[in-house]
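Asks: The structure under discussion is supplied below as structure tokens; questions concerning it will follow.
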Amino acid sequence: MKILIIGSKGFIGTHAGHYFASKGWETYGADVAVDYANSNYFLIDSSNSDFTEVFNAQSFDVCLNCSGAASVPDSLVHTVRDFTLNTATVLKLVESIRKYQPDCKFINLSSAAVYGNPTALPIQEDAALAPVSPYGFHKKMAEEIIQEYYQLFGINGCSLRVFSAYGPGLYKQLLWDLYRKTATEKQIMLSGSGNETRDFIHINDILQCIDLVIHKGDFKAGVYNVANGEQIAIKKIATLIAKEMNFKGTLKFSGIERIGDPLYWVASIEKIKQLGYTPSIGIEQGVSNYIQWAKESAS
């Protein structure tokens, strides 16, 4: 089996490359950074991505798209860039698959941001989509492109709505931010009330979901929530990290919500569980492992 990972230098892409190589897959990567050491690697032009050369060079059983921008605040500032990376790239990918390798399965990593502020919890895949950020809108558009190419051209694709991903190798977002602040500051102020909730999923469990979808999933433009099905308050995450870091300072919340951030999230994971998914890493263990990695990476 051959798998092509777009965005292979990113957080999920890097882990996916190691994971599928360890499973015996012939693994190829593609990204915007130069890599002279890896012969199974394609350099993508960051200013004008074109996948013609990639799909002409090899045949692939699966194309996993881990590329794109992953910042809600940045999408509010650099909206066109976010659209280019999260929507236009998906169009170029499925068009290249249509032209050169129509039998290749396409998996796009979407986001829980497509839901916006849900009207009911847990969030099921058939819930109304009401994004509250450019990032969410652009991820929704990418899902619609996959539906378009399946319905009109028969291209086999699906979307994985990843909730709050974390794990070793993630040098950004909430956990990394809290690690750095608890290591260097005595007074920490976070946005919101702390009661906002997210559904955190460790990278190991994300890879488990991807593997299951490849072998058992719906590639008729299907969608899957990728999460642990557990509603966790931001305040709890902050407390866990403070404990792991032996933080003796003060940690407060401003009460001011960030634009584009939904308030409460927890996913229904019944659909992915039907494929055989079982969450393997709880939040306490996951945070502890993450802080251990962060300390080692800083030393």
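FYI, it's all coordinate maths here, none of it is from the lab. Everything quoted here is computed from the prediction, not taken from an experiment. When we count neighbours, we look across all protein chains shown, and the Cβ atoms used for this are built from the backbone with ideal geometry, even at glycine.
Asks: Sort largest first and round to whole Å: the equivalent ellipsoid semi-axes of the chain, each the square root of five times a Cα gyration tensor eigenvalue.
Replies: 32, 21, 18
Asks: I need to check one value: relative contact order of the stretch 96-209, counting alpha carbon pairs closer than 8 Å and at least 6 residues apart, in percent.
Replies: 28
Asks: Another question, then. About the Cα centre of the stretch 31-166, what is the dipole size in debye to 20, counting +1 per Lys and Arg Cβ and -1 per Asp and Glu Cβ, all else neutral?
Replies: Once rounded to the nearest 20, the dipole reads 200 debye.
Asks: Still on this structure, please answer the following. With only Lys, Arg, Asp and Glu charged, each at its Cβ (+1 for the first two, -1 for the last two), find how big the charge dipole of the chain is about the Cα centre; round to the nearest 20 debye.
Replies: So the magnitude is around 700 debye.
Asks: Over the stretch 106-200, what portion of Cα pair distances is larger than 20 Å, expressed as a whole percent?
Replies: 51
Asks: May I ask you to give the average projected area over all directions of the convex hull of the Cα atoms of the stretch 247-299, in nm² rounded to one decimal?
Replies: Average projection, Cα convex hull of the stretch 247-299: 6.9 nm².
Asks: Please determine, in degrees from 0 to 90 and to the nearest 10, the orientation of helix 283-298 with respect to the longest principal axis defined by the Cα atoms of the chain, where the helix direction is its Cα long axis.
Replies: 90
Asks: E53 to R81: FRET efficiency via 1/(1 + (r/R0)^6), r the Cβ-Cβ distance, R0 22 Å, to the nearest 0.05?
Replies: 0.40
Asks: Then there's this: Between the stretch 235-253 and the stretch 68-142, how far is it from one alpha carbon centroid to the other, in angstrom?
Replies: Cα centroid of the stretch 235-253 versus Cα centroid of the stretch 68-142: 32 Å apart.
Asks: Cα axis of helix 173-184 to longest principal axis of the chain: angle in degrees, 0 to 90, nearest 10?
Replies: 40
Asks: Which whole-number percent is the relative contact order of the stretch 194-291 (Cα, under 8 Å, 6+ apart)?
Replies: 48 percent.
Asks: How high is the relative contact order of the chain, in percent, counting Cα pairs under 8 Å that sit 6 or more residues apart?
Replies: Computed value for the chain: 18 percent relative contact order.
Asks: Can you bin the stretch 187-299 into rounded, prolate or oblate? Criterion: square roots of the alpha carbon gyration tensor eigenvalues sorted a ≥ b ≥ c, rounded for a/c under 1.5, prolate for a/b above b/c, oblate for the rest.
Replies: Judged from the Cα gyration tensor, the stretch 187-299 comes out oblate (a/c at least 1.5, b/c at or above a/b).
Asks: Counting only helical runs of four or more DSSP H residues, what would the 222 nm mean residue ellipticity of the chain come to if each run contributes -39,500 (n - 2.57) and the total is spread over all its residues?
Replies: -12000 deg cm²/dmol
Asks: Computed over the Cα atoms, what is the radius of gyration of the stretch 137-244 divided by 2.2 N^0.38 Å, N being its residue count?
Replies: 1.35
Asks: How would you rank Y150, Y264, going from fewest to most other Cβ atoms within 10 Å of each one's own Cβ?
Replies: Fewest-to-most ranking of Y150, Y264: Y264, Y150.
Asks: Could you list V34, V266 in order of exposure, starting from the residue whose Cβ has the fewest other Cβ atoms within 10 Å?
Replies: V34, V266
Asks: Report, in listed order, any pair from K92/K235; K181/K273; K181/K271; K139/K172; K172/K248 with a Cα-Cα distance greater than 31 Å.
Replies: The answer is K92/K235; K181/K273; K181/K271.
Asks: Counting only Cα, what are the radius of gyration and maximum Cα-Cα distance Dmax of the stretch 76-161, in Å?
Replies: Here Rg and the maximum Cα pair distance are 13.5, 42 Å.
Asks: OK, next. Return the ratio Rg/(2.2 N^0.38 Å) for the stretch 14-123, where Rg is computed over Cα atoms only.
Replies: Computed over Cα atoms of the stretch 14-123, the ratio equals 1.20.
Asks: Shifting gears a bit: Expressed as an acute angle from 0 to 90° and rounded to the nearest 10, what is the orientation of the C-alpha long axis of helix 203-216 relative to the principal long axis of the chain?
Replies: Once rounded, one gets 30 degrees.
Asks: Computed FRET efficiency, Cβ-Cβ of I256 and K172, R0 30 Å: what is it to the nearest 0.05?
Replies: So the FRET efficiency works out to roughly 0.90.
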